[in-house]
Amino acid sequence: MIVKGRTHLYGDNIDTDRIIPGKYTKTLDMSDLANHVLEDLDPEFRTKVKQGDILVAGDNFGCGSSREQAPLALQAAGISAVVAQSFARIFFRNAINIGLPVIEAPDHTIADGDDIEIDFSEGNITNASRQEQYQGTQMPDVMINILAADGLVNFLKENGKYELS
Amino acid sequence: MGQTIIEKIISKHAGKPVIKNEIAIVSVDGVMASDTTAPLAIKAFREMGGKKVWDSDKAFLVIDHASPAPNERIANLHSMMRDFANEQGIKLYDVGEGICHQLMVENGHVKPGQLFLGADSHTCTYGALGAFATGVGSTDLAGTMLTGKTWLKVPATIKIIFEGRFPQGTSAKDLILHVVGMVGIEGATYKAVEFTGPALEDLSLSSRMTIANMTIEMGGKAGFVDTTGLELPYSFEDIKPDADAVYEKVITVDVSALQPTVAVPHSPDNVAPIQDVVGTPIHQAFIGSCTNGRLEDLHAAAEILKGKKIHEQVRFIIGPASQEVFNEALSDGTVEILSKAGVKFIPSGCGPCVGTHQGIPGKGENVISATNRNFQGRMGNRDSQIYLGSPATVALSALHGKITDPSTLHKEEILI
Ligand code: SF4
């Protein structure tokens, strides 16, 4: 699976309260989430983001709450993938479960507005704007299979149970 | 090779011995979701083709995050939860009965040695009674409601040994804030944390819950408090690590040197000894949450406020962790002391902790809170400042209208 897009860069320790504040999480309407995504961190994000863009961050992206509304809000706003130097555990798992591709690349030096291409099967990232490549951390097979099914809902619908490989 | 406690609990639930970094499919003893996470979990459960929850005695729903419903949209989500609970025959705790984590422990839905999943990051609280409990998102929870299982990577364990005794004016909250500051907000990511040592042996279950609760503020997958000295209304097996268990890291903390500690804006690991911020003006004070909303926390506040009035500039809100806690505080006179001092009680639930409704601070205001997170905007306003402290620090600061050090309580009292 290959995802290509333009990046929006943020820093370290972006917590789930800043991705989507708790006061907006009680909804099943994804456009409610999209309307408030990242608003306390970057009030301009909503107007800047275009369908297919890629979010890039530093360490510990998505720390804090277990709210799945965080990756859902990013997905609903048009974000097609997230790259970070590292992720908080629950966020990473939630993103894969809802079919939002995420990749950990500890050494990336991606800047805001770069055009990048992520090859999820190979686990690497090509930065066309700076002619650079970064290696991503290998995901366990169980996660690769869930992502390949486009999320845990489809995976369990098709398989009926968890499988390790 | 020897096993850590966490490795032992996971092995039992995987049906084979496992050690750190292995990936295993495990059976789950119980699941819980709140009104923030249950609606999405119910939706995902149905989309997976789910008809019947794997075991109706092992799934719990709690309406606590926005409770009572502040608006029509949330009221409808609450109805959806009630309908699902009725249809499935599962237990639902409704408006005002308490905070999900308090209810799971208080009502014995989780026990030592069990493996429990909650669709809430502070599910790690149940490590206080020797369970492996971790937070997951809604879709993962739906997967477990369907299959009774989940997959997980066995975490490596960081062991923290607490030596010495708690000095006057300090509590479990000061200790865990100190540890979060030391380890850092991502210092335990993907790891379990085992808390042990003689300083913990006399601690109540409530204080142990305060400690386990904030494991997630270090990124931890689960916190586990050594069950030595733990008293529960039923008998249980004390699980101990093997002598040759392998730890990621072992840290020793001398509790005798602990000072009242606060986390300053905008991160729970941004901690400072209280002297650094003494005198900061306070506009709102809050005691409550799954960290510090229990009877001993209300007692700590009542001890300070007995026969006094809080500062006129301060709004002091208390949200008991459960109705059971409130009822006990009512019977023993604590509620009367606090109410006469000017405290406002709100229904048991998450309340101001999560900024959905109830007690949202104004622009430029400072809040002193006994909760676990002070991220920017956490209480509903990005332009307010949240300081985290112990219940004693919160109550004393509310009394004086500024952050005040509880270890100097006796000196202060003479000055008033
Ligand atoms: S009290 Fe606060 S931290 Fe605890 S479950 Fe509720 S919102 Fe989460």
Do you know which of the residues in region B:355-371 that are within 10 Å of chain A (Cβ to nearest Cβ) and either at pLDDT 95 or above or open to solvent by 10 Å² or more (accessible area, probe 1.4 Å) (or both) is farthest from the ligand (Cβ to nearest atom)? B:Ile360
In region B:35-65, residue surrounded by the most Cβ atoms within 10 Å (Cβ to Cβ) [restricted to those that are β-branched (Val, Ile, Thr) and part of a loop (DSSP other than H, G, I, E, B)]: B:Thr37
Looking only at region B:35-62, count how many residues are within 16 Å of the ligand (Cβ to nearest atom) and either among the charged types (D, E, K, R) or free of Cβ contacts under 8 Å to residues at least 40 places away in the same chain (or both). 2
Out of the residues in region B:136-170 meeting the condition of being of a type in the set (S, T, N, Q) and more than 10 Å from every other protein chain (Cβ to nearest Cβ), tell me which one is nearest to B:Lys51 (Cα to Cα). B:Thr157
Among (1) on the phi < 0 side of the Ramachandran plot; (2) of a type outside the set (S, T, N, Q); (3) in contact with a helix residue (DSSP H, G or I) (Cβ under 7 Å, 6 or more places away or on another chain), A:Asp42 falls short only on (3)
Matching residues, region A:72-87, being over 19 Å from A:Tyr134 (Cα atoms) and either open to solvent by 10 Å² or more (accessible area, probe 1.4 Å) or out of contact with any strand residue (DSSP E or B) (no Cβ under 8 Å at 6 or more places or on another chain) (or both): A:Leu72, A:Ala73, A:Gln75, A:Ala76, A:Ala77, A:Gly78
Residue hits (region A:100-114; open to solvent by less than 60 Å² (accessible area, probe 1.4 Å), in contact with a Ser or Thr (Cβ under 7 Å, 6 or more places away or on another chain) and more than 14 Å from chain B (Cβ to nearest Cβ)) are A:Ile110, A:Gly113, A:Asp114
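Here is a yes/no grid of residues against (1) more than 20 Å from A:Met143 (Cβ to Cβ); (2) open to solvent by less than 10 Å² (accessible area, probe 1.4 Å); (3) more than 8 Å from chain B (Cβ to nearest Cβ):
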| position | (1), (2), (3) |
| --- | --- |
| A:Ser31 | yes, no, yes |
| A:Arg46 | yes, no, yes |
| A:Ser66 | no, yes, no |
| A:Ile98 | no, no, no |
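Quick one: which strands (runs of 3 or more DSSP E) lie wholly within region A:58-140 and hold at least 1 residues that are over 25 Å from A:Val153 (Cα atoms), more than 12 Å from the chain's Cα centre (by Cα) and at pLDDT 95 or above?
A:115-119, A:124-127, A:132-135
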Residues of region B:66-100 classified as assigned to a helix (DSSP H, G or I) and among the aliphatic types (A, V, I, L, M), total: 6
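Within region B:63-112, can you find the residues that are more than 30 Å from B:Lys8 (Cα to Cα), of a type in the set (A, V, I, L, M, F, W, C) and in contact (Cβ under 8 Å) with a residue 12 or more places away in the chain? Walk me through it before giving the result.
First, the residues of region B:63-112 that are more than 30 Å from B:Lys8 (Cα to Cα): B:63-89, B:92-98.
Keeping just the survivors that are of a type in the set (A, V, I, L, M, F, W, C) gives B:63, B:66, B:69, B:74-75, B:77, B:80-81, B:84-85, B:92, B:95.
Correct list: B:Ile63, B:Ala66, B:Ala69, B:Ile74, B:Leu77, B:Met80, B:Met81, B:Phe84, B:Ala85, B:Leu92, B:Val95.
The values are calculated or read from the model by the stated rules, or taken from the named source; none is laboratory data. As the structure is a computational prediction, the values presented were derived from the model and not from experiment. Here Cβ is always computed from backbone atoms with ideal geometry, including for glycine, and neighbour counts include all displayed protein chains. The protein model used for the area step is the full one, side chains on, heavy atoms only, and it has no ligands, DNA or RNA in it. Shrake-Rupley method; radii C 1.70, N 1.55, O 1.52, S 1.80 Å.
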